[in-house]
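> Dropping the structure in here first, questions after.
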Amino acid sequence: MRIENVVCPFCGCLCDDIVVEVEDNRIMAVKKACANGRSLFLNAHTQAKQPTVDGEEVKWPQAIDAAARILTDAANPLIYGLSSTASEAQRKAIALADLLGATIDSTSSVCHGPTTIGIQSQGEPTCTLGEIKHRADLVIFWGCNPAEAHMRHFARYSVSARGSLTPQGRRDRIVVVVDVRPTHSSRNADIFLQPRPGFDYEVLTALRALLKGEALDVTEVGGVNVAQLADLLERMKSCRFGVIFFGMGVTQTEGKYLNIVELLTLVAELNAHTRFTAMAMRGHGNVAGADCTLTWQTGYPFAVNLARGYPQYNPGEFTAVDVLARQEADAALIIASDPVAHFPRQASQWLSQIPTIVLDPEGNLTARIARVVLPTATYGVSAAGTAYRMDNVPLPLKKVVDSPRPADEQVLDWIIERVKTCSA
Amino acid sequence: MGVMSEFILITGRTTEQGTALHKGKDSDEYRQATGFVVMSRADRERLGVEEGRSVRVRTAFGETELELREGELPSGIIFVPMGPAANTLIAAETRGTGMPDSKGLEVEVEPL
(Lines give C-alpha, C1' and ligand atoms only; values in the text may rest on other atoms or scores of the structure.)
Protein backbone atom coordinates (compact mmCIF):
# COMPACT_ATOMS: atom_id res chain seq x y z
CA MET A 1 0.00 0.00 0.00
CA ARG A 2 1.29 3.40 -0.95
CA ILE A 3 0.41 6.22 1.50
CA GLU A 4 0.98 9.74 0.20
CA ASN A 5 1.25 13.13 1.86
CA VAL A 6 2.48 11.68 5.12
CA VAL A 7 3.81 14.24 7.62
CA CYS A 8 7.27 13.36 8.95
CA PRO A 9 7.30 14.06 12.71
CA PHE A 10 11.08 14.24 13.17
CA CYS A 11 11.93 17.95 13.06
CA GLY A 12 10.17 21.31 13.06
CA CYS A 13 9.96 21.30 9.23
CA LEU A 14 7.15 18.69 9.44
CA CYS A 15 7.55 17.89 5.73
CA ASP A 16 4.07 16.86 4.59
CA ASP A 17 4.88 15.26 1.25
CA ILE A 18 6.41 11.98 2.41
CA VAL A 19 5.42 8.78 0.62
CA VAL A 20 5.44 5.60 2.72
CA GLU A 21 5.04 2.12 1.25
CA VAL A 22 3.57 -0.42 3.64
CA GLU A 23 3.17 -4.18 3.18
CA ASP A 24 1.77 -6.49 5.87
CA ASN A 25 1.96 -3.66 8.41
CA ARG A 26 5.68 -3.19 7.69
CA ILE A 27 7.24 -0.02 6.29
CA MET A 28 9.06 -1.17 3.16
CA ALA A 29 10.12 2.18 1.68
CA VAL A 30 10.10 5.88 2.54
CA LYS A 31 10.31 8.42 -0.28
CA LYS A 32 11.14 12.14 -0.31
CA ALA A 33 12.18 12.13 3.37
CA CYS A 34 15.66 13.28 4.46
CA ALA A 35 18.12 10.91 6.13
CA ASN A 36 16.69 11.71 9.57
CA GLY A 37 13.07 11.20 8.52
CA ARG A 38 13.84 7.99 6.66
CA SER A 39 15.71 6.65 9.69
CA LEU A 40 12.75 7.53 11.94
CA PHE A 41 10.19 5.68 9.77
CA LEU A 42 12.37 2.68 8.95
CA ASN A 43 13.48 2.14 12.57
CA ALA A 44 10.05 2.78 14.16
CA HIS A 45 9.05 -0.04 16.48
CA THR A 46 5.90 -1.91 15.51
CA GLN A 47 6.41 -5.00 17.64
CA ALA A 48 4.78 -5.44 21.05
CA LYS A 49 6.81 -4.51 24.10
CA GLN A 50 5.76 -4.92 27.70
CA PRO A 51 6.23 -2.14 30.24
CA THR A 52 8.76 -2.71 33.02
CA VAL A 53 8.89 -1.84 36.72
CA ASP A 54 12.32 -2.08 38.35
CA GLY A 55 13.55 -3.92 35.26
CA GLU A 56 10.88 -6.64 35.42
CA GLU A 57 8.27 -7.00 32.68
CA VAL A 58 4.76 -6.42 33.99
CA LYS A 59 1.26 -6.05 32.56
CA TRP A 60 0.02 -2.55 31.70
CA PRO A 61 -2.32 -2.14 34.73
CA GLN A 62 0.56 -2.91 37.13
CA ALA A 63 2.88 -0.47 35.36
CA ILE A 64 0.24 2.26 35.42
CA ASP A 65 -0.36 1.56 39.09
CA ALA A 66 3.38 1.87 39.87
CA ALA A 67 3.64 5.11 37.88
CA ALA A 68 0.59 6.63 39.56
CA ARG A 69 1.89 5.74 43.02
CA ILE A 70 5.29 7.30 42.34
CA LEU A 71 3.64 10.50 41.17
CA THR A 72 1.09 10.75 44.00
CA ASP A 73 3.72 9.96 46.66
CA ALA A 74 5.97 12.77 45.41
CA ALA A 75 5.87 16.27 46.87
CA ASN A 76 7.45 17.97 43.82
CA PRO A 77 7.03 15.80 40.74
CA LEU A 78 8.49 16.98 37.43
CA ILE A 79 6.87 16.26 34.07
CA TYR A 80 9.32 16.89 31.25
CA GLY A 81 9.76 16.31 27.53
CA LEU A 82 6.66 16.64 25.32
CA SER A 83 8.35 17.73 22.09
CA SER A 84 8.22 14.40 20.23
CA THR A 85 4.62 13.55 20.92
CA ALA A 86 1.30 14.81 19.60
CA SER A 87 -0.47 17.83 21.04
CA GLU A 88 -3.33 15.57 22.18
CA ALA A 89 -0.82 13.81 24.49
CA GLN A 90 0.73 17.15 25.53
CA ARG A 91 -2.72 18.26 26.63
CA LYS A 92 -3.10 15.12 28.79
CA ALA A 93 0.35 15.68 30.31
CA ILE A 94 -0.70 19.19 31.34
CA ALA A 95 -3.95 17.83 32.85
CA LEU A 96 -1.85 15.34 34.84
CA ALA A 97 0.51 18.11 36.01
CA ASP A 98 -2.50 20.12 37.13
CA LEU A 99 -3.91 17.15 39.02
CA LEU A 100 -0.58 16.50 40.77
CA GLY A 101 0.45 20.12 41.35
CA ALA A 102 3.60 19.29 39.37
CA THR A 103 6.23 21.29 37.53
CA ILE A 104 5.88 20.84 33.77
CA ASP A 105 8.54 21.81 31.25
CA SER A 106 9.34 20.88 27.67
CA THR A 107 12.59 20.48 25.74
CA SER A 108 12.02 24.10 24.70
CA SER A 109 13.87 25.09 27.84
CA VAL A 110 17.13 23.69 26.42
CA CYS A 111 16.58 24.84 22.83
CA HIS A 112 14.45 27.91 22.12
CA GLY A 113 13.44 28.77 25.71
CA PRO A 114 15.63 31.88 25.50
CA THR A 115 13.81 32.74 22.25
CA THR A 116 10.49 32.66 24.07
CA ILE A 117 11.87 34.88 26.85
CA GLY A 118 13.16 37.27 24.17
CA ILE A 119 9.77 37.27 22.42
CA GLN A 120 8.03 38.05 25.72
CA SER A 121 10.27 41.10 26.01
CA GLN A 122 10.32 42.34 22.43
CA GLY A 123 7.36 40.79 20.59
CA GLU A 124 7.44 38.37 17.72
CA PRO A 125 7.17 38.95 13.98
CA THR A 126 5.18 36.08 12.50
CA CYS A 127 4.61 34.62 9.08
CA THR A 128 4.28 31.15 7.62
CA LEU A 129 6.95 29.19 5.81
CA GLY A 130 4.65 29.44 2.78
CA GLU A 131 4.99 33.24 2.78
CA ILE A 132 8.76 32.88 2.95
CA LYS A 133 8.78 30.37 0.09
CA HIS A 134 6.73 32.68 -2.11
CA ARG A 135 8.15 36.07 -1.13
CA ALA A 136 11.56 36.04 0.58
CA ASP A 137 14.46 37.31 -1.53
CA LEU A 138 16.94 37.70 1.35
CA VAL A 139 17.29 34.69 3.63
CA ILE A 140 19.68 34.82 6.59
CA PHE A 141 20.55 31.77 8.70
CA TRP A 142 22.05 32.94 11.99
CA GLY A 143 23.60 30.35 14.33
CA CYS A 144 21.85 27.42 12.70
CA ASN A 145 22.84 24.64 10.32
CA PRO A 146 19.74 23.42 8.49
CA ALA A 147 21.84 21.36 6.07
CA GLU A 148 22.37 18.94 8.98
CA ALA A 149 19.51 19.66 11.39
CA HIS A 150 16.59 20.58 9.07
CA MET A 151 17.72 18.94 5.86
CA ARG A 152 14.81 19.78 3.56
CA HIS A 153 14.30 23.33 4.83
CA PHE A 154 16.29 24.81 1.91
CA ALA A 155 14.41 22.84 -0.74
CA ARG A 156 10.90 23.11 0.65
CA TYR A 157 10.77 26.58 2.19
CA SER A 158 13.73 28.87 2.13
CA VAL A 159 16.53 28.57 -0.45
CA SER A 160 15.80 26.59 -3.61
CA ALA A 161 12.00 26.44 -3.18
CA ARG A 162 10.19 28.05 -6.13
CA GLY A 163 7.33 30.38 -5.19
CA SER A 164 5.01 32.75 -7.02
CA LEU A 165 7.41 35.72 -6.53
CA THR A 166 10.51 33.53 -6.48
CA PRO A 167 9.95 31.47 -9.67
CA GLN A 168 13.65 30.79 -10.17
CA GLY A 169 14.13 29.45 -6.66
CA ARG A 170 17.76 29.75 -5.58
CA ARG A 171 18.57 32.37 -8.25
CA ASP A 172 15.88 34.67 -6.88
CA ARG A 173 17.40 34.77 -3.40
CA ILE A 174 20.46 36.06 -1.62
CA VAL A 175 21.42 33.57 1.08
CA VAL A 176 23.50 34.64 4.07
CA VAL A 177 24.91 32.42 6.82
CA VAL A 178 26.22 33.83 10.09
CA ASP A 179 28.06 31.21 12.12
CA VAL A 180 31.21 30.84 14.20
CA ARG A 181 32.33 27.94 12.00
CA PRO A 182 31.95 26.92 8.36
CA THR A 183 29.14 24.36 7.98
CA HIS A 184 27.37 22.48 5.21
CA SER A 185 24.90 25.38 5.29
CA SER A 186 27.53 28.10 4.91
CA ARG A 187 28.89 26.33 1.83
CA ASN A 188 25.48 26.98 0.22
CA ALA A 189 25.53 30.69 1.05
CA ASP A 190 26.26 33.74 -1.11
CA ILE A 191 27.61 35.56 1.94
CA PHE A 192 29.21 33.97 5.02
CA LEU A 193 29.95 36.04 8.10
CA GLN A 194 32.00 34.39 10.80
CA PRO A 195 31.88 36.15 14.19
CA ARG A 196 33.92 34.95 17.14
CA PRO A 197 31.99 32.65 19.54
CA GLY A 198 29.88 34.65 21.98
CA PHE A 199 29.81 37.89 19.93
CA ASP A 200 26.38 37.65 18.30
CA TYR A 201 24.99 40.40 20.53
CA GLU A 202 27.76 42.80 19.54
CA VAL A 203 27.34 42.04 15.83
CA LEU A 204 23.55 42.57 16.04
CA THR A 205 24.05 45.81 17.95
CA ALA A 206 26.50 47.03 15.30
CA LEU A 207 23.90 46.33 12.59
CA ARG A 208 21.33 48.33 14.60
CA ALA A 209 23.77 51.22 14.97
CA LEU A 210 24.46 51.22 11.23
CA LEU A 211 20.70 51.15 10.56
CA LYS A 212 20.35 54.30 12.67
CA GLY A 213 23.03 55.95 10.54
CA GLU A 214 25.71 55.88 13.23
CA ALA A 215 29.32 55.75 12.07
CA LEU A 216 31.31 53.02 13.83
CA ASP A 217 34.82 54.04 14.88
CA VAL A 218 36.12 50.47 14.66
CA THR A 219 37.01 48.30 11.68
CA GLU A 220 35.61 45.05 13.03
CA VAL A 221 32.98 43.94 15.53
CA GLY A 222 33.19 40.49 17.12
CA GLY A 223 35.51 39.34 14.36
CA VAL A 224 33.33 40.63 11.49
CA ASN A 225 34.57 43.42 9.24
CA VAL A 226 32.39 46.56 9.50
CA ALA A 227 32.37 46.94 5.70
CA GLN A 228 30.81 43.46 5.49
CA LEU A 229 28.21 44.45 8.08
CA ALA A 230 27.41 47.66 6.16
CA ASP A 231 26.98 45.61 2.97
CA LEU A 232 24.66 43.15 4.73
CA LEU A 233 22.65 46.00 6.22
CA GLU A 234 22.14 47.62 2.80
CA ARG A 235 20.87 44.29 1.48
CA MET A 236 18.54 44.00 4.49
CA LYS A 237 17.10 47.48 3.92
CA SER A 238 16.68 47.10 0.19
CA CYS A 239 15.30 43.56 -0.09
CA ARG A 240 11.63 42.94 -0.88
CA PHE A 241 11.07 40.45 1.94
CA GLY A 242 13.80 39.42 4.36
CA VAL A 243 13.94 36.75 7.02
CA ILE A 244 16.39 35.73 9.73
CA PHE A 245 16.14 32.07 10.70
CA PHE A 246 18.00 31.55 13.95
CA GLY A 247 19.05 28.57 16.05
CA MET A 248 21.02 27.26 18.97
CA GLY A 249 24.05 29.30 17.95
CA VAL A 250 22.24 32.33 19.35
CA THR A 251 20.18 30.77 22.19
CA GLN A 252 22.85 28.58 23.78
CA THR A 253 25.69 31.11 23.83
CA GLU A 254 26.44 33.84 26.30
CA GLY A 255 23.68 36.44 26.39
CA LYS A 256 21.01 33.84 25.55
CA TYR A 257 17.64 35.66 25.52
CA LEU A 258 19.39 39.05 25.28
CA ASN A 259 20.77 37.93 21.91
CA ILE A 260 17.19 37.22 20.83
CA VAL A 261 15.92 40.58 22.10
CA GLU A 262 18.61 42.31 20.04
CA LEU A 263 17.85 40.20 16.96
CA LEU A 264 14.10 40.84 17.19
CA THR A 265 14.68 44.55 17.80
CA LEU A 266 16.79 44.76 14.65
CA VAL A 267 14.04 42.98 12.71
CA ALA A 268 11.37 45.31 14.12
CA GLU A 269 13.44 48.36 13.13
CA LEU A 270 14.03 46.98 9.62
CA ASN A 271 10.26 47.05 9.09
CA ALA A 272 10.51 50.84 8.78
CA HIS A 273 12.29 50.10 5.46
CA THR A 274 10.86 46.81 4.14
CA ARG A 275 9.05 43.67 5.18
CA PHE A 276 11.35 41.69 7.48
CA THR A 277 10.66 38.76 9.75
CA ALA A 278 12.45 36.25 11.98
CA MET A 279 11.78 32.62 12.81
CA ALA A 280 13.24 30.17 15.32
CA MET A 281 14.48 26.93 13.76
CA ARG A 282 12.52 24.61 16.04
CA GLY A 283 14.24 21.26 16.49
CA HIS A 284 11.90 18.47 17.52
CA GLY A 285 8.81 17.72 15.43
CA ASN A 286 6.28 19.06 17.91
CA VAL A 287 8.33 21.30 20.19
CA ALA A 288 6.42 24.29 18.81
CA GLY A 289 3.26 22.38 19.74
CA ALA A 290 4.52 21.98 23.31
CA ASP A 291 4.81 25.79 23.54
CA CYS A 292 1.39 26.30 21.91
CA THR A 293 -0.43 23.68 23.98
CA LEU A 294 1.11 24.78 27.29
CA THR A 295 0.26 28.40 26.48
CA TRP A 296 -3.31 27.60 25.54
CA GLN A 297 -3.77 25.46 28.68
CA THR A 298 -1.81 27.43 31.32
CA GLY A 299 -1.01 30.82 29.80
CA TYR A 300 2.73 30.07 29.72
CA PRO A 301 4.88 28.27 27.13
CA PHE A 302 7.35 26.32 29.34
CA ALA A 303 8.75 26.26 32.92
CA VAL A 304 5.30 26.06 34.52
CA ASN A 305 4.60 25.05 38.13
CA LEU A 306 1.10 24.11 39.26
CA ALA A 307 1.80 23.41 42.97
CA ARG A 308 -0.31 26.34 44.14
CA GLY A 309 -3.34 25.26 42.18
CA TYR A 310 -2.74 27.93 39.54
CA PRO A 311 0.05 28.19 36.96
CA GLN A 312 3.27 30.01 37.81
CA TYR A 313 5.96 30.62 35.19
CA ASN A 314 9.61 31.16 35.95
CA PRO A 315 12.53 30.07 33.74
CA GLY A 316 15.52 29.29 35.94
CA GLU A 317 13.20 28.18 38.74
CA PHE A 318 10.76 25.80 37.04
CA THR A 319 12.94 24.73 34.10
CA ALA A 320 13.90 21.05 34.15
CA VAL A 321 17.69 21.43 34.26
CA ASP A 322 17.42 23.73 37.29
CA VAL A 323 14.78 21.67 39.12
CA LEU A 324 16.99 18.58 38.73
CA ALA A 325 20.39 20.17 39.36
CA ARG A 326 19.05 21.75 42.58
CA GLN A 327 17.61 18.34 43.54
CA GLU A 328 14.15 19.79 44.05
CA ALA A 329 12.18 17.23 42.03
CA ASP A 330 11.47 14.07 44.01
CA ALA A 331 9.97 12.11 41.10
CA ALA A 332 9.94 12.57 37.34
CA LEU A 333 7.75 11.58 34.41
CA ILE A 334 9.75 11.91 31.18
CA ILE A 335 7.60 11.94 28.05
CA ALA A 336 9.08 11.46 24.58
CA SER A 337 12.53 12.84 25.30
CA ASP A 338 15.88 11.72 26.62
CA PRO A 339 17.33 14.08 29.24
CA VAL A 340 19.99 11.57 30.31
CA ALA A 341 21.43 11.84 26.78
CA HIS A 342 21.05 15.61 26.53
CA PHE A 343 21.21 17.29 29.97
CA PRO A 344 24.35 18.40 31.77
CA ARG A 345 25.55 15.51 33.91
CA GLN A 346 24.72 17.17 37.23
CA ALA A 347 21.06 17.40 36.19
CA SER A 348 20.80 13.95 34.58
CA GLN A 349 22.46 12.27 37.57
CA TRP A 350 19.65 13.41 39.85
CA LEU A 351 17.15 11.62 37.59
CA SER A 352 18.82 8.33 38.51
CA GLN A 353 18.53 9.19 42.22
CA ILE A 354 14.76 9.74 42.19
CA PRO A 355 11.94 7.47 40.97
CA THR A 356 11.70 8.19 37.24
CA ILE A 357 9.01 7.07 34.81
CA VAL A 358 9.73 7.05 31.08
CA LEU A 359 7.01 7.12 28.44
CA ASP A 360 8.73 6.69 25.07
CA PRO A 361 8.80 4.41 22.03
CA GLU A 362 12.60 4.21 22.16
CA GLY A 363 14.71 2.32 24.68
CA ASN A 364 16.65 5.52 25.31
CA LEU A 365 19.32 6.34 27.91
CA THR A 366 16.74 7.76 30.36
CA ALA A 367 14.79 4.47 30.14
CA ARG A 368 17.91 2.68 31.35
CA ILE A 369 17.87 4.53 34.68
CA ALA A 370 14.06 4.66 35.03
CA ARG A 371 12.07 2.71 37.59
CA VAL A 372 9.01 2.46 35.31
CA VAL A 373 9.30 2.22 31.51
CA LEU A 374 6.15 2.57 29.42
CA PRO A 375 6.85 1.71 25.74
CA THR A 376 4.40 3.50 23.47
CA ALA A 377 3.57 3.79 19.77
CA THR A 378 5.59 6.27 17.67
CA TYR A 379 3.69 9.46 16.96
CA GLY A 380 3.23 10.14 13.27
CA VAL A 381 4.11 6.52 12.41
CA SER A 382 1.92 4.22 14.51
CA ALA A 383 -0.16 6.88 16.28
CA ALA A 384 -2.10 9.78 14.75
CA GLY A 385 -2.39 13.27 16.24
CA THR A 386 -1.55 16.92 15.70
CA ALA A 387 1.86 18.58 15.51
CA TYR A 388 2.86 22.24 15.07
CA ARG A 389 5.41 23.19 12.43
CA MET A 390 8.16 25.69 13.32
CA ASP A 391 5.91 28.49 12.02
CA ASN A 392 3.17 27.33 14.46
CA VAL A 393 1.00 25.88 11.69
CA PRO A 394 -0.71 22.73 13.06
CA LEU A 395 -0.64 19.67 10.79
CA PRO A 396 -2.41 16.31 11.13
CA LEU A 397 -0.09 13.33 11.63
CA LYS A 398 -1.08 10.03 10.05
CA LYS A 399 -0.92 6.53 11.46
CA VAL A 400 0.73 4.54 8.66
CA VAL A 401 1.13 1.22 10.50
CA ASP A 402 -0.65 -0.42 13.41
CA SER A 403 1.16 -1.00 16.65
CA PRO A 404 0.18 -3.25 19.52
CA ARG A 405 1.54 -0.53 21.78
CA PRO A 406 -0.78 2.17 23.17
CA ALA A 407 -0.35 5.81 22.11
CA ASP A 408 1.14 8.34 24.56
CA GLU A 409 -2.26 9.98 24.95
CA GLN A 410 -3.88 6.69 25.98
CA VAL A 411 -1.19 5.89 28.56
CA LEU A 412 -1.42 9.38 30.07
CA ASP A 413 -5.19 8.94 30.31
CA TRP A 414 -4.69 5.68 32.22
CA ILE A 415 -2.25 7.39 34.60
CA ILE A 416 -4.67 10.28 35.17
CA GLU A 417 -7.52 7.89 36.02
CA ARG A 418 -5.29 5.90 38.39
CA VAL A 419 -3.95 9.06 40.08
CA LYS A 420 -7.54 10.18 40.69
CA THR A 421 -8.32 6.93 42.50
CA CYS A 422 -4.97 6.99 44.39
CA SER A 423 -5.73 10.51 45.59
CA ALA A 424 -9.37 9.77 46.45
CA MET B 1 50.96 14.12 31.02
CA GLY B 2 50.84 15.64 27.53
CA VAL B 3 50.74 19.26 26.50
CA MET B 4 47.48 20.98 27.42
CA SER B 5 45.89 23.57 25.25
CA GLU B 6 42.92 25.87 25.70
CA PHE B 7 39.98 26.01 23.30
CA ILE B 8 36.40 27.24 23.01
CA LEU B 9 33.92 24.35 22.81
CA ILE B 10 30.89 24.37 20.53
CA THR B 11 28.38 21.51 20.79
CA GLY B 12 25.67 20.80 18.23
CA ARG B 13 23.73 18.43 16.01
CA THR B 14 25.19 16.46 13.14
CA THR B 15 23.51 14.31 10.50
CA GLU B 16 25.14 11.18 11.94
CA GLN B 17 23.95 11.97 15.48
CA GLY B 18 20.42 12.55 14.16
CA THR B 19 20.15 9.32 12.17
CA ALA B 20 21.99 7.15 14.73
CA LEU B 21 19.63 8.00 17.56
CA HIS B 22 16.82 6.09 15.81
CA LYS B 23 19.01 2.99 15.85
CA GLY B 24 19.08 3.19 19.63
CA LYS B 25 21.31 5.14 21.97
CA ASP B 26 23.04 1.95 23.06
CA SER B 27 24.04 1.28 19.41
CA ASP B 28 27.64 1.50 18.21
CA GLU B 29 26.48 4.02 15.59
CA TYR B 30 25.25 6.41 18.27
CA ARG B 31 28.38 6.03 20.39
CA GLN B 32 30.55 6.71 17.36
CA ALA B 33 28.34 9.61 16.23
CA THR B 34 28.64 11.39 19.60
CA GLY B 35 32.09 10.31 20.85
CA PHE B 36 34.52 12.51 18.95
CA VAL B 37 35.97 16.00 18.95
CA VAL B 38 36.77 18.04 15.84
CA MET B 39 39.56 20.61 15.56
CA SER B 40 41.39 22.42 12.77
CA ARG B 41 44.45 20.90 11.14
CA ALA B 42 46.64 23.72 12.47
CA ASP B 43 45.52 23.09 16.05
CA ARG B 44 45.89 19.33 15.66
CA GLU B 45 49.42 19.71 14.37
CA ARG B 46 50.26 22.17 17.14
CA LEU B 47 49.07 19.60 19.68
CA GLY B 48 51.00 16.93 17.82
CA VAL B 49 48.14 14.39 17.77
CA GLU B 50 47.24 12.13 14.85
CA GLU B 51 43.63 11.83 13.69
CA GLY B 52 41.83 8.92 15.34
CA ARG B 53 43.87 9.16 18.56
CA SER B 54 42.23 9.95 21.89
CA VAL B 55 42.42 13.25 23.69
CA ARG B 56 41.13 14.27 27.08
CA VAL B 57 38.77 17.24 27.00
CA ARG B 58 38.25 18.99 30.31
CA THR B 59 36.18 21.88 31.62
CA ALA B 60 35.72 23.18 35.15
CA PHE B 61 32.69 20.84 35.35
CA GLY B 62 33.92 17.53 34.02
CA GLU B 63 36.10 15.69 31.57
CA THR B 64 35.84 13.00 28.93
CA GLU B 65 38.06 11.14 26.48
CA LEU B 66 37.19 11.58 22.82
CA GLU B 67 38.53 10.49 19.44
CA LEU B 68 40.19 13.38 17.61
CA ARG B 69 39.02 14.29 14.12
CA GLU B 70 40.21 17.03 11.85
CA GLY B 71 37.68 19.41 10.34
CA GLU B 72 37.11 22.88 8.95
CA LEU B 73 37.04 25.00 12.09
CA PRO B 74 38.64 28.29 13.05
CA SER B 75 41.77 27.90 15.11
CA GLY B 76 40.99 27.80 18.82
CA ILE B 77 37.52 26.26 18.47
CA ILE B 78 36.63 22.60 18.94
CA PHE B 79 33.29 20.88 18.18
CA VAL B 80 31.68 17.93 20.00
CA PRO B 81 28.31 16.52 18.82
CA MET B 82 25.48 16.82 21.34
CA GLY B 83 25.15 13.65 23.40
CA PRO B 84 26.37 11.92 26.55
CA ALA B 85 30.05 12.83 26.06
CA ALA B 86 29.34 16.53 25.52
CA ASN B 87 27.11 16.54 28.62
CA THR B 88 29.97 15.65 30.91
CA LEU B 89 31.60 18.98 29.96
CA ILE B 90 28.61 21.30 30.42
CA ALA B 91 27.60 22.95 33.71
CA ALA B 92 24.02 22.71 34.93
CA GLU B 93 24.04 26.43 35.85
CA THR B 94 21.53 28.27 33.63
CA ARG B 95 21.80 31.80 35.07
CA GLY B 96 18.06 32.03 35.53
CA THR B 97 17.16 31.07 31.97
CA GLY B 98 16.73 27.28 32.08
CA MET B 99 19.39 26.97 29.37
CA PRO B 100 22.88 25.68 30.22
CA ASP B 101 25.91 27.22 28.46
CA SER B 102 26.04 24.55 25.76
CA LYS B 103 28.13 26.61 23.35
CA GLY B 104 31.15 28.81 23.95
CA LEU B 105 32.64 26.95 26.92
CA GLU B 106 36.32 27.26 27.81
CA VAL B 107 37.94 23.83 27.63
CA GLU B 108 41.36 22.24 27.88
CA VAL B 109 42.47 19.52 25.48
CA GLU B 110 45.23 17.15 26.47
CA PRO B 111 46.72 14.53 24.13
CA LEU B 112 46.76 11.01 25.59
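> Would you be able to tell me the number of residues in the stretch B:52-77 that are under 14 Å from the mean Cα position of the chain (by Cα) and more than 10 Å from chain A (Cβ to nearest Cβ)?
The qualifying residues number 15.
> All but one of (1) touching a strand residue (DSSP E or B) at 6+ places or on another chain (Cβ under 6 Å); (2) under 13 Å from A:THR107 (Cβ atoms); (3) of a type outside the set (S, T, N, Q) hold for A:LEU333, so report the exception by its number.
Against the list (1) touching a strand residue (DSSP E or B) at 6+ places or on another chain (Cβ under 6 Å); (2) under 13 Å from A:THR107 (Cβ atoms); (3) of a type outside the set (S, T, N, Q), A:LEU333 comes up short only on (2).
> Output the residue which, of all residues in the stretch A:359-385 that are closer than 18 Å to A:ALA407 by Cβ and charged (D, E, K, R), is nearest to the other protein chains (Cβ to nearest Cβ).
The selected residue is A:GLU362.
> Which of the residues spanning the stretch B:83-100 are out of contact with any Lys or Arg (no Cβ under 6 Å at 6 or more places or on another chain), within 7 Å of chain A (Cβ to nearest Cβ) and surrounded by 23 or more Cβ atoms within 10 Å (Cβ to Cβ)?
Those that are out of contact with any Lys or Arg (no Cβ under 6 Å at 6 or more places or on another chain), within 7 Å of chain A (Cβ to nearest Cβ) and surrounded by 23 or more Cβ atoms within 10 Å (Cβ to Cβ): B:GLY83, B:ILE90, B:THR94, B:GLY98, B:PRO100.
> Which fully enclosed helices (runs of 4 or more DSSP H) of the stretch A:180-269 have 1 or more residues being within 14 Å of chain B (Cβ to nearest Cβ)?
The qualifying helices (runs of 4 or more DSSP H) are A:200-211, A:248-251.
> Assess whether A:LEU42 counts as being assigned by TED's automatic domain parsing to the domain that holds A:ASP338 and surrounded by fewer than 21 Cβ atoms within 10 Å (Cβ to Cβ).
When the stated conditions are applied, A:LEU42 does not pass them.
> Of the residues that sit in the stretch A:332-352 and are under 21 Å from A:ALA75 (Cβ atoms) and under 18 Å from the mean Cα position of the chain (by Cα), which one is nearest to the other protein chains (Cβ to nearest Cβ)?
Restricting to residues being under 21 Å from A:ALA75 (Cβ atoms) and under 18 Å from the mean Cα position of the chain (by Cα), the top hit is A:PRO339.
> Which one of these does B:GLU110 not meet: (1) farther than 20 Å from A:PRO197 by Cβ; (2) within 15 Å of the chain's Cα centre (by Cα); (3) in a helix (DSSP H, G or I)?
Here B:GLU110 meets the rest and fails (3).
> Right, something else. Give just the number: which of (1) part of a strand (DSSP E or B); (2) over 15 Å from the mean Cα position of the chain (by Cα) does B:GLY104 not satisfy?
(2)
> Please give the number of the condition B:ASP28 fails out of (1) within 14 Å of another protein chain (Cβ to nearest Cβ); (2) free of Cβ contacts under 8 Å to residues at least 12 places away in the same chain.
Of the numbered conditions (1) within 14 Å of another protein chain (Cβ to nearest Cβ); (2) free of Cβ contacts under 8 Å to residues at least 12 places away in the same chain, the odd one out for B:ASP28 is (1).
> Hey, another quick one. For the stretch B:37-53, enumerate the residues that are surrounded by fewer than 21 Cβ atoms within 10 Å (Cβ to Cβ), touching a residue at least 60 places away in the same chain (Cβ under 8 Å) and among the hydrophobic types (A, V, I, L, M, F, W, C).
B:LEU47 - this is the single residue of the stretch B:37-53 that is surrounded by fewer than 21 Cβ atoms within 10 Å (Cβ to Cβ), touching a residue at least 60 places away in the same chain (Cβ under 8 Å) and among the hydrophobic types (A, V, I, L, M, F, W, C).
> Being of a type in the set (A, V, I, L, M, F, W, C) and touching an Asp or Glu at 6+ places or on another chain (Cβ under 7 Å) is the filter here, so list the residues in the stretch A:218-263 that pass it.
Across the stretch A:218-263, the qualifying residues are A:VAL221, A:VAL226, A:CYS239, A:PHE241, A:VAL250.
> Now, a different point. Pairs, please: C-beta under 7 Å, at least 6 apart or cross-chain, first residue on the phi > 0 side of the Ramachandran plot and buried (at least 21 other Cβ atoms within 10 Å of the Cβ) and in the stretch A:143-169, second at pLDDT 95 or above and not in a helix (DSSP H, G or I)?
A:GLY143/A:VAL178; A:GLY143/A:ASP179; A:GLY143/A:PHE246; A:GLY143/A:GLY247
> OK, next. If you take the residues of the stretch A:175-215 that are over 19 Å from B:SER40 (Cα atoms) and basic (Lys, Arg), which of them is surrounded by the fewest Cβ atoms within 10 Å (Cβ to Cβ)?
Selected residue: A:LYS212.
The values are calculated or read from the model by the stated rules, or taken from the named source; none is laboratory data. For clarity, every value in this text was computed on a predicted model and none was experimentally measured. Quick reminder, even Gly has a Cβ in these numbers, built from the backbone with ideal geometry, and neighbours come from all protein chains shown.
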